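**Student:** Got a structure for you, written out below as structure tokens; questions coming shortly.
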Amino acid sequence: MKIVSIVGARPQFVKAAVLSRKISENTNWEEVMVHTGQHFDANMSAVFFEEMSIPAPQYFLGIDSLTREEMIAQMQTEIEKVLQKENPDWVLVYGDTNSTLAGAKAAKANGIKLAHVEAGLRSFDKQMPEELNRIATDELSDLLLVPSNKATANLQLENIQALDNGVVEVGDIMHDALLFYLKKIQHQTISKPKAPFVLLTLHRAANTDSKEVLTRILKAIDNITKEVEVIFPVHPRTRKKMEEWNLSTHATLMEPVGYFQMLNYLQQADLVLTDSGGLQKEAFYVNKFCITLRENTEWTELLDLGVNVLCGSDGAKIAQAYSNFSNRRFGEYPQVYGDGNTAEKIILALNNF
């Protein structure tokens, strides 16, 4: 069996690392990795391949810094050339990026079976490009690999149909990655920040492309720094906007960090503030409460459990959430995203299809 895997953004490198390792254990399987280039900063891309011992992608497309529509169209064109050359049995896509949808469209245009990892997730906000990408990719997919019961229910409500045995609940592949790499970093020398501190990440356009919104968030963060240090690895997009608008913060700023360093920070942090999707789950896996700087989330199970709260850029809500979580201990919660064996279940689903 030959699989072409499409990656392009930082979280997808983490997910691909897990599944690629399992694919390599199947001696009759061949994987061809295509990196679209959607994330091109060295600390956002290359370091991940080096750190996680992921083989260099056979194809690097170098497509970035375009509008969503232009990026998807150009990626699809270039991915189709790869598919026509490689003639795979499957195209595998992850998550909800422009690279995801471009890979899905390319697969369908060439009559190749398509598997979508993280199918069925919904934030119910169609103003988000990621939401449009998720829905369109699910509609095109032959095999929908869902992380939770809710994701399955979302597909049923939308009447999105796959072929026989085409909807399989496999859990969250990021859980596999976290469990594997937490063991690995135990044997490495990684700088550990002095506790206590709060971990902050901020990169979404809704938060960084509006001076008013970004100012509100940084002001809310500065209020938290009066009580505890806030460690802030700054995304290139966010740093550019802060410099453009001459915005500052009392948080401890640093360059983007690799996955291992981020895991280390996550383990040591008292609390997480983020607009990331993946970090919301990772915080849960290491028993940390999360304040999400968004108006919605695709990981709604965490809201139901009470371990995550949506605050957007509202300073009062952020302050209240920080106060509430600071006075609570993390309890025992059901593992709503599987048992950490997602990669094996994906392999099984591909075999069974």
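The values are calculated or read from the model by the stated rules, or taken from the named source; none is laboratory data. As the structure is a prediction and not an experimental result, all values here were calculated from the model. A quick note on method: Cβ atoms are made from the backbone with ideal geometry, for glycine too, and the neighbour counts reach across all protein chains shown.
**Student:** VAL228 fails exactly one of the following numbered conditions: (1) among the aliphatic types (A, V, I, L, M); (2) in contact with a helix residue (DSSP H, G or I) (Cβ under 8 Å, 6 or more places away or on another chain); (3) surrounded by 13 or more Cβ atoms within 10 Å (Cβ to Cβ). What is the number of that condition?
**Tutor:** With respect to (1) among the aliphatic types (A, V, I, L, M); (2) in contact with a helix residue (DSSP H, G or I) (Cβ under 8 Å, 6 or more places away or on another chain); (3) surrounded by 13 or more Cβ atoms within 10 Å (Cβ to Cβ), VAL228 is out only on (2).
**Student:** Could you identify the single residue in VAL91, VAL82 that is touching a Ser or Thr at 6+ places or on another chain (Cβ under 9 Å) and either touching a residue at least 60 places away in the same chain (Cβ under 8 Å) or in a loop (DSSP other than H, G, I, E, B) (or both)?
**Tutor:** VAL91 is the lone residue from the list that is touching a Ser or Thr at 6+ places or on another chain (Cβ under 9 Å) and either touching a residue at least 60 places away in the same chain (Cβ under 8 Å) or in a loop (DSSP other than H, G, I, E, B) (or both).
**Student:** Identify the single condition in (1) within 29 Å of GLN12 (Cβ to Cβ); (2) touching a residue at least 40 places away in the same chain (Cβ under 8 Å); (3) crowded, with 18+ Cβ neighbours inside 10 Å that TYR322 does not satisfy, given that it satisfies every other one.
**Tutor:** (1)
**Student:** May I pose another question? Given the options VAL32, VAL91, VAL18, VAL14, name the one that is touching a Leu at 6+ places or on another chain (Cβ under 6 Å), among the hydrophobic types (A, V, I, L, M, F, W, C) and on the phi < 0 side of the Ramachandran plot.
**Tutor:** VAL91
**Student:** Spot the failing condition for LEU310; the list is (1) at pLDDT 95 or above; (2) of a type outside the set (Phe, Trp, Tyr); (3) touching a Lys or Arg at 6+ places or on another chain (Cβ under 7 Å); (4) over 19 Å from ALA205 (Cα atoms), and only one is missed.
**Tutor:** With respect to (1) at pLDDT 95 or above; (2) of a type outside the set (Phe, Trp, Tyr); (3) touching a Lys or Arg at 6+ places or on another chain (Cβ under 7 Å); (4) over 19 Å from ALA205 (Cα atoms), LEU310 is out only on (4).
**Student:** May I pose another question? Please pick out the residue among SER99, SER65, SER53, SER5 that is outside any loop (DSSP other than H, G, I, E, B), small (Gly, Ala, Ser) and within 23 Å of PRO256 (Cα to Cα).
**Tutor:** Only one candidate qualifies: SER99.
**Student:** Please report, ordered by residue number, the strands (runs of 3 or more DSSP E) entirely within the stretch 248-353 with at least 3 residues that are under 25 Å from LYS211 (Cα atoms).
**Tutor:** Per the criteria, 252-254, 271-274, 290-292.
**Student:** Let me ask something additional. Does ARG68 meet the test of being within 19 Å of the chain's Cα centre (by Cα), among the charged types (D, E, K, R) and farther than 25 Å from THR201 by Cα?
**Tutor:** Against the criterion (within 19 Å of the chain's Cα centre (by Cα), among the charged types (D, E, K, R) and farther than 25 Å from THR201 by Cα), ARG68 does not qualify.
**Student:** Residues of the stretch 267-321 being touching a Cys at 6+ places or on another chain (Cβ under 9 Å) and among the hydroxyl-bearing types (Ser, Thr, Tyr), which ones?
**Tutor:** Selection gives THR274, THR292.
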